[in-house]
Structure formats: structure tokens, C-alpha cells
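The values are calculated or read from the model by the stated rules, or taken from the named source; none is laboratory data. Bear in mind that the values here come from a model prediction, so they are computed numbers and not experimental data. Here the Cβ positions follow ideal geometry from the backbone for every residue, glycine too, while neighbour counts run over all protein chains shown. Only protein heavy atoms, including side chains, enter the accessible area calculation; ligands, DNA and RNA are left aside. Shrake-Rupley method; radii C 1.70, N 1.55, O 1.52, S 1.80 Å.
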Amino acid sequence: MSFTIILFILLAVLLIGALLWAARPIERGAISADTVLRALSEEHHYSRLSKILQVLQPGDTAFLGPRGFTALRNQIRSERKRIALLYLDDLQREYEMLLEASRVIAAMAPELIAMDEAKRFKLNLRFAMGCRYLRWKLRLGLEPQNVFGWLSEMSGGMALRLELATNHIGDRAAVSSDYSSILDEGGNGPE
Amino acid sequence: MPAALNLSNLEWAVTTLAELILLVYLVRRKHFRSHPVFSSYVLIVILQSAFTALTYALWDFQSQKVWLMFWLVQLAVTLVRFAAVMELIRHILRPFSGVWALGRRLLLAVVGAVLVYTALLSREYWRKLPLNLDRGAALAVAAVIVALFLFTRYYGLPMENLDRSLCIGFCLYSCFSVINDSIFDKFLLSYLNLWNFLGVLTFLASLLVWIGAAHANPATVPARDFAFVSKEEYGKLSTEVNVRLRELNERLDHVPHSEDQHS
């Protein structure tokens, strides 16, 4: 059997597999605007970034060593590393929520951010990889400052895009509401 | 051979019966209103069966004339099948006006890429043109449906059960057609009877999926022009998200300064 025939058959089998995977019911279900709002109104983890960065500085606990508290210093560092990892989980969850929010907004007014969809997809991959990289750096006891800053920038970029999109939605909602009121006035005019 | 032919005839009869049952369900459940192209496709497939039976009765099964007529009708059916799939995609994505704008470009790109891929990889493309066209179209239909499922999954868009089943039926039938055509491409005449048999069998399987869906689901509600939220909710969403994001950005702006202070 020739190579091209095998390729065709393989592709068809792959498509069947992809269909079975993609046709599964969506576990998260259709997310509503209210859910997104509720999630957005919760307190954000970015606010704690400066504190996390501070406690990860080796200098923050360095004074304990020369004073004979080496065990305590190591314990504090290990605790802080654990907290930084938890913080990272929360940061990732927050980013995913923002992404989910952007999808909901895209389903409502996507022509405004359709051009950014591919970029957002790439951004998401980069963020996921960055989080993984940072986790390993923290576990290995390396300096994570730069990567934290980089991840925050990405989240900030996503937030800015969302802001732009929601501004457009707001404008559109305002325009359509003005238009409706003009129509209403026009309808009421002759009465 | 006669036993194989009898089995093929039986299969053909069962398939035609299934097509008729599906058509009845489409009419009785009023699905033909929401899916006119798909309903026309089922009708055309029934007419194709009748036409093919007539040509086989009038002329020699392996004559050039029968071969030409078979492929011309098959080409017409393939085009209508493609139109039916496009109707389904439109039906699923259209309520989300912007996603539809992005989705149709993406899915058209998928169709174009698959057709080029098929043309480049097919052996003796022009000599076996009908077979290659059939395979290319089947592969494009399968790829576009898988892309549609991935797309709707990514955006969490709802899909009616009937649309879902119709898509799955089309995709499975198309995938098995690609496999069948590819094996036929290699073994040609020695595989002819089995090729016919398997082709009809996979179509019968799709018909059963569609009959189940058409029977189980009532007539679909006409698609709404907009999805998820009302105008009031829009305003609420816009204001609250903007406030939250501005606050978030302001906080982020402070991070570099606090880092400078620490270092």
C-alpha cells in the first residue's frame, strides 16, 4: 500500500478520534454573563504580587543565618516557596477566568476582538508554559522575579484587551439603546 | 457472487427504506423548515437510488455510459451534501453574529486547505478525477465538521441535539468514505463490490443516527439574532467589567515601583 493511501486513511482515523473528543459534552457548561461578573468582582491576586516578590528575595531572610537560626531560615524559605506556588495556582486560575470572560464577550460581540483570537490563543499557551516554568524554578530554588513580572504583564495585556472589548460593547449597547429611544420617540410623535 | 449481489440488493433496499423513513420524520416533525437543504439532500439521495436502479436495469452495469452517469449524479449529490453541511454550520453559528464572522472564514480556510492537500496527494489526479473529487469532498466535510466542533467547544456555544447528530452522521460517513475510497484507489476493480457494499453500509449507519435524532427532537426553534444576554445585561456587564479591569490595571501599574523599592 502506498504512502499517500496510508496518509489518507490515517487522516480519516485521526478525524474520527478528534470528532469523538470534540463532541463530548462540555463539562464547564455554558458560562453566563452573571458568572463572569461574579468572578470578576472577586478580589484579584495581582494585588499580592509585590508582597510575594518581596518574601521570595533571599535577602529578606538572610539575616537569620549569621544569628544561628539556619534551620528557622530554611523552614521560612520553604514555607514561603509553598505559598508562592499556591499564589501561582491562583494567578493561573485568575488568568483562565479572564480568558473565559473574554470568550463570553467574544460570543456576544466577537467582531470587535476576532482579530485578537489567534493572538489570545498563543498568549494562553505562553502563559501556561510560563506558569509551568515558574513552578519548576520555585521548586529548584531559583530566582523567579523576572518570570513573575512577565506573567503579570501578560495578564495585564489580557485585561487591557478585555477592557477595550467591553468598552466597544458598552458603546454599542449605548448606541442601540439611543436608537431604540429615538425609535420610541418617533413612534410616540404623532400621538 | 450472486449471494454477494443479493446481500447488496438487500442492503440497498434497507437503505432506501431508511431514507424514506428519515424524510417522513423530517416532514412530520417540521424539520424541513429549519433544515431545507438537508431535507432536499435526503430527497435527492432517494432520487439517486431510483435513478441508479433504473440505469442498471436499462444498461450494462459496467458500461462507460453507466459509469459516467453514476459519477455525474454522485457529483451532484456531493455538492448538495456540502450545501447541507454549510446549512448546519450556518444554523449553529449564525445566532452568534461575530463568532459566525470568524468561524466561516476559518472553516472556509479548512475546506480550501483540505482540497489542496487532497489534490496534491492524490495519485493520477485527472485519470481518477471522480474518485479523487469524492474523496477530497468527503475529507473536507469531515475536517470542517471536526473544526466546527472544536470551535463551538472553545467558545462554549450551545448546539441543538438534531444539529449535533446530523454533524456526527455526516462526519462519520465522510471519514469512512475517505478510507473506503483510499482502499478502492489501491485495489480498484477487485474491490468494487465490497467498496459499494461498505459505502452503502456506512451511509445506512449515518441514516440511523439521523432518524434517531429527527424522531427524538421536536422542530427546532428559529435561531435568535443574539445570544446569551439582553441589552440591559450588556450595560451591566460593560460597566462592572470596566471598573474591575481599570482597578486591576492600576494595581498592576504599582507593581514595578514596589519592586524597585524592594531591590
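What is the mean number of Cβ atoms from other protein chains located within 10 Å of the Cβ atom of each residue in peptide A:3-11, rounded to a whole number? Numbers along the way, then the final one.
Values: counts 1, 8, 10, 2, 3, 13, 7, 2, 11.
What the average comes to for A:3-11 is 6.
Quote the total accessible area buried by chains B and A together, excluding ligands, DNA and RNA, probe 1.4 Å, nearest 100 Å². Please list the in-between numbers first.
Details: alone 15910 and 13350 Å², together 23610 Å².
Counting both chains, the buried surface is close to 5600 Å².
Using only the heavy atoms of the protein chains and a 1.4 Å probe, how would B:148, B:120 rank by accessible area, largest first?
Working: B:148 0, B:120 140 Å².
Heavy-atom accessible area, descending, gives B:120, B:148.
Kindly write out, for segment B:200-213 in residue order, the coupling ³J(HN,Hα) from the Karplus curve 6.51 cos²θ - 1.76 cosθ + 1.60 (θ = phi - 60°), rounded to whole Hz, with x marking Gly and Pro.
Karplus-based 3J(HN,Hα) across segment B:200-213 equals 5, 4, 5, 5, 4, 4, 5, 4, 5, 4, 5, 4, x, 5 Hz.
I'd like the Karplus ³J(HN,Hα) series for segment B:33-39: coefficients 6.51, -1.76, 1.60, θ = phi - 60°, whole numbers in Hz, and an x wherever there's a Gly or Pro.
Karplus-based 3J(HN,Hα) across segment B:33-39 equals 6, 7, 10, x, 5, 5, 4 Hz.
Give the distance, in whole Å, between the Cα centre of segment B:1-61 and the Cα centre of segment B:105-181.
22 Å
Apply the Karplus parameterisation 6.51 cos²θ - 1.76 cosθ + 1.60, with θ equal to phi minus 60°, to every residue of segment A:71-83 and state each ³J(HN,Hα) to the nearest whole Hz, in sequence, with x for glycine and proline.
Here the 3J(HN,Hα) series is 5, 5, 4, 5, 5, 5, 4, 5, 5, 5, 5, 4, 5 Hz.
With every protein chain in place, what's the accessible area of residue A:137 (1.4 Å probe, Å², nearest 10)?
40 Å²
Please state, rounded to one decimal and in Å, the Kirkwood hydrodynamic radius that segment B:1-120 gives when every pair of distinct Cα atoms enters the mean of 1/r.
Numbers: mean 1/r = 0.0589 Å⁻¹.
Evaluated on segment B:1-120, it is 17.0 Å.
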